[in-house]
1. Tally Lys and Arg at +1 and Asp and Glu at -1 over the other residues with C-beta under 14 Å from the C-beta of residue E:195: what net charge comes out?
2. For peptide D:148-155, what's the mean number of Cβ atoms from other chains within 10 Å of each residue's Cβ?
3. May I have the convex hull volume per residue, in Å³, for the Cα set of the range A:3-121?
4. Give me the inter-chain shielding for C:231-241: mean count of other chain Cβ atoms within 10 Å, whole number please.
5. Determine the distance separating the Cα centre of the range E:246-312 from the Cα centre of the range C:302-338; give it in Å without decimals.
6. Step through the table entries E:110/E:170; B:26/E:110; C:285/E:85; C:44/E:100; E:100/E:310, compare each Cα-Cα distance with 28 Å, and write down the pairs that go over it.
7. Apply the membrane-span-like helix rule to chain E: whole DSSP H runs, Cα extent along the own long axis of at least 18 Å, mean Kyte-Doolittle hydropathy at least 1.6. List the helices found.
8. What does the structure give for E:258-267 when I average, per residue, the other chain Cβ atoms found within 10 Å of the residue Cβ?
Amino acid sequence: MTAQLDPAAAAEVVNARHENAGCVDAGVLFIEAAQLVEAVEALRDDEATDLIFLCNLTAVDRERHFELVYHLQSLDLNHILQLKVIVTDREDPAVPSLTGVFHGAHLQEREVFDLFGIRFDGHPDLRRLFLWDGFPGYPLRKDFLQMPGQVRAGLPGFPHEGEQNAWPVPGSVPQRPLHPNDPQSSGIAVSEDEPAEADA
Amino acid sequence: MIIGLEEYLALGALLFSLGFYIALSKKNAVGVLMGVELMLNAVNLTLIAFSRFSTSDITLSTQVFVIFIIAVAAAEVAVGLALILVVYRNRQTINVDRTTLLKG
Amino acid sequence: MTSADDTRSALSGTIETLAGDGSEPVVVNLGPQHPSTHGVFRLKVTLDGEIVQDAEMRIGYLHRSMEKLAEERTYTQNIPFTDRIDYLAAMSNNLAYCLAAEELLGVEVPPRGQAIRVLFAELQRVASHAMANGTFINDCGAWHTPLFYMFRDRERVLDMFEMTCGARLTTNYMRIGGVAFDLPDELLPTLRSFLDDMPDRIASYEDLLMENEILHARARGIGVISPEMAINSSLSGPILRATGVPWDLRKANPYCGYENYEFDIPVGEQGDCFDRFLVRMAEVKQSLRILNQLIDNIPDGPWLADVPLHARPPEGEAYARVESPRGELGFYLVSDGSPAPYRFHCRPPSLINLSALKEMSIGGTLADAIVTLGSIDIVVGEIDR
Amino acid sequence: MSSFGFHLAFWLLAAMTVGGASMIIVSRNLIHAVIYLVISMLGVAGLYLTLSADFIAVVQVLIYVGAISVLMLFAIMLTPRAERNNTETSLKLPAAAVMVLILTATVFVALDTDWGAVRQAALADQARLIGQSLIREYVLPFEIGAVLLTAALVGAIALARHDDEDAAIHAQSLQAEADGTAEDVALLTDPPLVEVEADAGAGEDGGS
Amino acid sequence: MSGFDLAVVLGAWYDFRDLNNLSRLITEWIADWGPDWLSSIVTGLLGSLGILAVIGPTLLVLIWVERKVIARFQQRYGPNRVGPKGLLQPVADAIKLILKEQLAPRAADKLIFFLPPVLIFVPGLLIWGVLPFGPRMSVADLNVGVLFLLAVSGTGVLVLFMAGWSSNNKYALFGAMRAVAMSISYEVPMVLALLTLVVFSGTMSVNGIVEWQQQEDVIFILLFPLSAIAFFFAASAELNRTPADISEAESEIVAGYHTEYSGMRFGLFYAVELGNTLVISAFIATFFLGGWWLWGLDQWVPSWIILLAKTGAVYFLLIWTRGTLPRLRIDQLMSFCWKALVPATLIFVAVAAVERTLLVTQGWDTTIALPIMAVINIALTLGAVMLFARLARSERLRRPARTTLVRDRVGGLAAAREVASQAGGGD
């Protein structure tokens, strides 16, 4: 059975590398965003913790702040540790990237960037993963209640069904027939961004 | 009109001069090679025509000669194209006007 | 020269750039619609001749934003979403999600429910590995023959699913606290005959494929990854085991009573494409072993714990994971006390296993990249969610 | 040699040969030019047939159509950034003049010379006879030809082989040579990817 | 054979076992009233129409046969809906293909794009001309037939290149380049394999080779098995069939050079490909299995039926390999061609020359000498194959691939090392 690594023991390892980098609150290890890379490196390289496998990396929008959740696993010692990082800046949230420590963080960080808009400093290739470049907004944030602009999920109709091409990708067609539920003549322009696959 | 040796020779001459023009005038090195091939073909055609119509004892010799010419042409094309590749690699062009290596 | 001709030469000027040394690389799109990408997945490879210089994947064509949708549905209503995450291993996804929800709710699953869960999870593994191996050989260039052989077995497994829950692919069978229905009477005899036939079938596949010289030439030493790199890239499942790391969550973190069954973890030696194929083959055998132990020992009793449909778990969070056919499949759920999850996150093994695709394919030929991609066994529904 | 069928064949083949050759001059696309060359070569092969040289005709098809033209296409494909057009140099007019001179002279000689008696029957079973003479009278040239072909093969491989060390040296020398023309050097050291221009083609690839 | 007088039939124009009779009749008939050139045109036209009339329906049946056989290999039923036993399925497919829209990429080189589906027919049909269906049953019995076969099949690759290049599609261009490279390379072992036969039988006529086999009561696959194997493999490479179908490798480059061809244009490519497979099977049967001749059976059974049976056997073999084997990579195919097939066939050309010289100069009795030579050659072939099997396996491939079963040791790198050392020690 995989054991839960005692967060206090992990915090000791982290704080040994850097003072006040981590603290334990309600049984969860919180790490200072600025010291994240060092802390995780310490946890990975310390023989007692040996957390060499990044299981899971995701974020939770707590409305006031973002919570980044990392699950680290030691294969040989068979224990798992959950650690969290709090990001309070909702306008331009940023945390250091773990790609230098774990190659496996690459895609997961891109996913979080795509869906939450959290920037990972030091990520070599930070682009949206699922959505196209220029997609307005970050869908997994709690304040993302409907698609901004005139962009709507799904197809309102097939191309050539109406008089104009009804494809909802911004930039591909100048205008889309107005949906009855759309805010009428609100004047919100379709995002002028290039379609994501311009270099295809 | 009877088609005989003369017509073949005239055709060979026409083909040869066309090849000659191509070889001299084309910018592209592969084009030049094409002209050379046309000239060789014209010569072959002439030789075969002689072998067909001549009464002397050269029939087989000319055919064998043509085979040698074809073999040499194949070798020439292989080496020529390899040269073109090398020129391209070094100069990024196979334009014969711009491959003026000796001009410095 | 007309303008159309100009366009033509401008276009051809870029497309004629193929092969040879000293030439510029050519970018080839494999996908989104391509016979070997197994879905709408796009791999942009930069080729110098036939040698891959760069491989970049573009995904998201199947993105349905399940994590957002799930935040507006109750815990039970979310189970059908999990079918559609990995549509080739719906049972495993059901299971992982239900485990996470049960951890939040603190529900205890009755023994019969646990046994049935193991039964279907292992059947799902057999079906999924059959599909993975078949398509892998197809990507190596065989003309569908092994694929159809393996489809034959998968078909029998899907028949059993249909018999039990009425669906073949999107089963929606597991429930929070157990499984939806009891086993039908005809299932166990069917399963028994299936288990009787499978060893011969597997032996014949091994005869057909294991010593195939062309398959060896195509798959061995291709897409090699070291155990260190595999762990660092968070690879899991058969890819990780093919590098020699004996890591299997069924043994490391047993769930649903896996500790009661006797089975082995097959590990490879080289970490190449052929080892992944071998590991999957061996895992099918181990799954059959588990099923053989299970079939006569399914306890009686209830199969579903008493859980309200609108369960309101206490505030908290849970991360539960299972060994799905593709690797570590985890669900991270955050509850705020409401009937719907506050945050629903899936750790998709298919996506994370692609982390090292670029490193594995650079330097090989285009054909090698295809084989490597085939050996990773991706499911695009799970990548994009 | 007076039958209508023979006339028809001769003139058709002659038109094919000369037409193909002329189209090489006219054609602006190098790949088209190679295909016209193939047409011309096929015409010559047909002319060989009208001259009862069936062995030579088949060899012509085998080597010129099957090998040399394909080699040329390969060479064109292997030089991706070279120009694809097939235009003339400034030597066009002098070349045309010389061509006309040669044409008149040779045609005059061909038509005006008395070539003597004409043989009526063609040689039978030429392949066998050629084969025999190749290993009897012409065995020495035959061997030399073989050596030549081998040498050409080795030479072509040696020339076309890409040695990484060589490449580095070439790049250096070129850099030194092209000092000042920074554009060219940049082009060489940092080959631009074809991504942007390939847009239209890529879209079609994906949709196949 | 009681009262029936064969002599009446022999030489009559309707005796299609000797096509010369028919052509002589037409020639004489036209000579009565028309110009002499007409007769050659008419006989030529009739010959090509005859070929088309034979292979057209055959192709339709063959599509069904191939799909049905492949389906049986794959535990499926195959086409069984249209017509009895699904026999009309190819017709339905053809109708569908004709009705489909014919797309052309906007940036395609229009002229060169439209030509290949038509041009591909030229070599595809010309090859049939030299195939002898019987002792005097070939449209054109050229005395350089073997060379003609090679020359014509070599030109097909040019058409493929035109198709691939003009499509302006990267997959198509890749397919075309691979096809060209493969075709040029595999022509060499093909020529060398046939050269063995030409050297040994002393004729370049296809019918001459069959007649030689008939005269000496031996089929060439027994005398030169390695040439037969090499020719079979080279032919399957030229035909783009697995394990050498890289020029249209579905999982890599979609459909290769005909990616952009839709509708009946694709259908034409497909038909010619199938027709080429059939004709190459027929040529393999002719060269190596004795063609229309079968130890005297040809006296009783029409020769073309014998040829058809042998062709069917070879064709089945081609379908079999296609249904069984994965595909090789292009570099593996190239190195197999140049490092294995070419040297081996070259050696066998020398062997054939030596044996032929011995046979001619020593005046040995062929009934005794040929079996001895056959045994020697078979032994040589086996040796060559075994040598290749030993040399070709790289060090990497020689170690067996296997999995180790781990029972209790779960873990990461340390466990991996432990497992590896145990597995290594257990050997």
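1. My count for the surroundings of residue E:195 gives -1.
2. 4
3. Considering the Cα atoms of the range A:3-121, their hull volume per residue is 93 Å³.
4. Average per residue, whole number: 5.
5. For the range E:246-312 versus the range C:302-338, the Cα centre distance is 60 Å.
6. On the way: E:110/E:170 17 Å; B:26/E:110 25 Å; C:285/E:85 39 Å; C:44/E:100 31 Å; E:100/E:310 36 Å.
The answer is C:285/E:85; C:44/E:100; E:100/E:310.
7. Flagged H segments are E:145-166, E:366-392.
8. Numbers: counts 0, 3, 3, 0, 1, 0, 0, 0, 0, 0.
Whole-number average of other-chain Cβ neighbours for E:258-267 is 1.
Read-outs: derived from the displayed coordinates by stated rules, not from any lab. None of the values given here were measured: they were computed from a predicted structure. Because the Cβ atoms are built from the backbone with ideal geometry, glycine has one as well, and the counts that use them run over all protein chains shown.
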